C-alpha cells in the first residue's frame, strides 16, 4: 500500500501540474498579476487540502480530472487567504513557506489583486464542465465553496481573529473562531469528494464528522507548533501568537492538555471513517499526521 | 411608458431591498465584517449594472426573483472592486459616493476582508437554486461572472491600470485596459439576461455588441466627467487622472473628439438592439444616458 508520506509528495506534484495548467500567463500587462497568482500558489505548502479532496473523491471512484480541479480550486482559496492575511494591514508577515510574502516579492497592490484573482479563478474552475458533467454537481460545489470561505466561513473567521484582542476569548470562542477560519474550508475539502461522487447521506455525514474533528485537531496542532516548532522547519515565524498575547488552545488549556485533546480528536476522527473500507486508509493516516507533523 | 429615470430610481430601491435580504447580520464578531459589506453595497451608486441585468432579463420574460439575484451578485462584485481600488495601496481614496471609503469608515483590514466576502457572496448568490431552476444556467452564470471579473477581466484591468504609468498608452491600449477594467463586467450585466432567458444565439450576439459599445461609451464619458464634472455631483474627486498624468481618452483624443466618439458609440449601441421590440426601449435610453450623465 502507498504510504501517506508518498501520497502527500505525489499530491504536491500533481497539484503543481494542475495549477500550472489552470494559471497560464497572458502577454499583456496583466501578466504581472498572473505571475503573482502563480508565485503564491505553485510550489508551496503541505497541500493538505488537495490531499483530502483527492482521497475523499477516491472513496467514490471519481474521475481524476474532476477531483484535481476541485483540489486546485480549494488550494487557490487557501492561498489567496494567506496572501491577504500576510498584508501589512493584517498580520504584516514578511515570510511565508520560507520565501518572501507576495507583497514583499511584488508589491501591496499586486498582492491584493492577485488574491482577488485567485479567489475568482477558483469559482471559474469549479463551474467548468471538465470538473463534472452534471451541472447540478458544479453548482453545488460553487455553493459549498462560497459558504465555506465567505463571511459565515473563512473570511468571517479572519474578522473574528482580528477582533479577538477586544473579546473575552475562552475555549468555546477560540473553537468557533478556528472553526470558521480554517475548519470550514478543511471540511469542504473532505466533503467535496462526497459531492463529486454523489455519496449517500450516511457517507456524507461520516465525512462531515471526520472533517470536523480533523479540522479542530489541525488547529490545536498549529497552536502547539507555534510554541514548540522550529522556525526553519515551519517556514514562517513561530512564537508570534504568544508574543501577541493571543488566546490559543495552548494558552487556554496548557501545553499538555492541548496535546491530549489533539490526540483524542484524531483518534475520534478516524472512528468516523468506519463506514468506509480500506480505501479510506490514507485519510485515517492523515488524521494522525495533522497532529504529529513538525511543520 | 415608464421613463428611464423612473426606472433607474425603481431599480435603486429594488436593489437595496435585495441586498438587504442577501446580506443579513450575524450575532458573532463577524458582524463587523457584514456591516462593512452592507456599508459598501447598500444605498450607493447609480445601479447601472443592476438596471442592465433587469432590462436584458426583461426581454426574455425572466422571473423577477432570478434577475434581481443576478443583478445583486454583479453589484456585489462591482462594489468589492471599488472597496479594494480605494485602498491606500491602490488609489488611496478617502471619498466614494460622497461618503468615507470603507477603509476610512472601518479600517484597512476590515475593508480588505469585506471586499473578499462580497466577491465570495456573489458566487453563492448565483449558485442558489432561487436564481434559476436549471443548474446549467446557474453554472453558466458563475463561469461568466468569474471570467468577466478575474485576471482576464476586471482584476486584470486593474493591474493593467496600475502598470499604465510605465507603459506607452495609446488609444488601443487605453481601450483594452478599460475593456478589461470596466467593459467586461458591464458586458456580463447585459448578457446575463440572455443566459437567464436562454436567448437564441442571434439575440445573444446583439446584446454582446450593444454591451461592447455601451461599455466603451461609458468609459469615455467617465474620462470626460473627470475633466468637466463637478466634485459635489460626481461624489468623488475629479481631475485626478489629469493630475496623475494618466493617459485617458480625453488626454489622447482631446475633449471634442472624445465627445464625438462617445456620441457615435451610444448611437451605434442602440442600432444593435434593432432585433428587439419596444421592450428594449429602456436599454436604448440607457445608452444615451451613460454618455450624457452628469455623475
Distance from the stretch B:173-194 to the stretch A:142-172 (C-alpha centre basis), Å: 33
Helix-only CD estimate at 222 nm, as mean residue ellipticity for chain A, using -39500 (n - 2.57) per DSSP H run (n ≥ 4): -21500 deg cm²/dmol
Shape category assigned to the stretch B:4-292 from the gyration tensor of Cα positions, a/c cut at 1.5: oblate
Near-label residues of the stretch A:275-295 by backbone N, under 19 Å of a point 7 Å along Cα→Cβ of residue A:260: A:291-292
Average partner coverage of B:142-149, which counts Cβ from other chains inside 10 Å: 6
Residue order, fewest to most beta carbons within 10 Å, for A:177, B:37: A:177, B:37
Order of B:31, A:279, B:49 under a 10 Å beta carbon neighbour criterion, fewest first: A:279, B:31, B:49
The stretch A:161-211, Cα convex hull volume normalised per residue, Å³: 69
Sorted by Cβ density within 10 Å, fewest first, the residues A:187, B:114, A:40: A:187, A:40, B:114
Inter-copy spacing of residue A:46 label points, which lie 7 Å from Cα along Cα→Cβ, given in nm from shortest upward: 5.1
Pseudo-label separations to other copies for residue A:281 - Cα-to-Cβ vector, 7 Å, nm: 7.4
Global size of the protein assembly as shown as Cα Rg and Dmax, reported in angstrom: 24.3, 76
Averaged over B:161-173, number of beta-carbon atoms from partner chains that fall within 10 Å: 2
Label-point gap, in nm, between residue A:16 and residue A:171 - each point 7 angstrom along Cα→Cβ: 4.2
Sites residue B:288 and residue B:252, calculated FRET efficiency, Cβ-Cβ separation with R0 22 Å, nearest 0.05: 0.40
Label 7 Å beyond Cα on the Cβ vector: residue B:208 copy-to-copy distances, nm: 4.2
Peptide-level mean, for A:67-76, of C-beta atoms on other protein chains within 10 Å: 0
Choice from B:164, B:173, B:200 showing the highest fluctuation, given a GNM over chain B with Cα pairs closer than 10 Å: B:200
Mean Cα-pair separation over length for chain B, i.e. relative contact order, pairs under 8 Å, 6 or more apart, %: 19
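Coordinate-derived values only; no laboratory data. All of these numbers come straight from a predicted model, not from anything done at the bench. Every residue, glycine as well, gets a Cβ built from its backbone with ideal geometry; the counts of neighbours run over all protein chains shown.
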